[in-house]
Structures are given as C-alpha cells and as structure tokens.
C-alpha cells in the first residue's frame, strides 16, 4: 500500500523514463552507470523535458534500486550539464537553449573539430574510411525511414569517431565533456530537419575532403556542416 502511494506520488515526474526492470545485484559503480545511462537516454531523447523535476526517491522507485546509485548518477549527469540540483529542492532537467547552441556549443565544436579533422586526415586508413562510410549509410537509411533519433545518434558517432582517430587525447576529452549536450540538441533538432538526407550528404562531403587532403576544403566543410541549423526547431528555454 505504501509502495503504491509512493509510485503514485512520483508517477508524473518519472513518466518520461522508459520501462526498466529492477537492476541486478552489482557494484555501486555499475548500478550508477546503469541508472545514468537510463536517465541520459531519457533526457537526450526528450522523454524527460527541460524543467522536469527528478527526485532520488522517485527515480529509485521507478528503476527498482536504492537511492545511493541514483544519487551518484544524478551527480554524474550534473557534471555533464544535463541536470541541475538545488538544495532542498531536488534536481531539475536542463534544456539546451538556442543561445547556448549558437554561442557556446557551435563555436567550441568548430574550433575543436577543425583541428581534430586536420589531425585525423593523414592518419585515416582504408578500414577507418570504411567505418565512416558505414555510418553514413546508416544515416541515409535513417533519413529514408524518418528515424530522427537514429540519424542524430549516427551523426554523433561519426564525429566522435573522427575526433578519436585524430589521436588528440585532449580534444577527445573536451568532445566527450560536451557530447551529452551536443547529443541533446541533435536529438531535439533532428525531427525538424527539412531534408534529412542533406545530413548524410554533408558527411559524405566531409569524407571526400578528408580523402582529398585539402585542409582548406576540409575546414569549409566542417564549418558549414556544424553551422547547419534547421528552422522551426523548438527552443526549450522559451
């Protein structure tokens, strides 16, 4: 009876979480990662909306775990910029505003990725190019199927793959620190693409510039691609 009341109390706040079986017995670190993965997916996919409240008790009850891994997971997500915690008020999901995209994330990505793509250019092997091409093919399939979530996820994988292949560890660390926020706005905007096939085509152009060894053309392709914004995407800050 008490459990039913708790579930009822937190049901509205937890409604964005996907169905999730009770977590298996494991270390605190493992359970924390599992909880963080579930919450991260719910936030970046939009199932948990900006401003939505999260509580340790509510999340723990929904996921069938104790509060300790939830507490650690929420701290991790706060470091990633996906949630913010307030004393005595709990935790709130953060949105990604158009202002942040244009004035923070896009400039950082352009500087970082122009450098990383240039560094990756002489290092890429035939196997690396084959992997990048396979990601683009999946983007094309996602565009044809109108699968906005898959398109956004493959877009992220493509860029992280090139940054990883650049061999620049500090670039990769910075990329991974902003990746959750980037993924959130990719997911947010993907369903508003006027022509999703253009996204895949831009990645083919990036591959072509990498193969050609033309740094100036590569810089232009990276900048044009990252600056691509599709009108009509909702701004969660408004």
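Rule-based calculations on the coordinates, nothing more; no lab input. Everything numeric in this text was worked out from a predicted model, so none of it was measured.
Based only on Cα atoms, what mean projected area does the convex hull of segment 52-168 have, in nm²?
10.4 nm²
Expressed as cubic angstrom per residue, what is the convex hull volume of the alpha carbon set of segment 31-93?
Spelled out: Cα convex hull of segment 31-93, divided by residues, is 73 Å³.
Cα gyration tensor of segment 98-226, axes a ≥ b ≥ c as square roots of the eigenvalues: rounded (a/c below 1.5), prolate (a/b > b/c) or oblate?
Oblate is the answer for segment 98-226, as a/c is 1.5 or above yet b/c matches or exceeds a/b.
Give, in nm to one decimal, the length gained when the segment between residue 161 and residue 119 is fully stretched (0.36 nm per residue of separation minus the Cα-Cα distance).
Additional length available on full extension: 13.8 nm.
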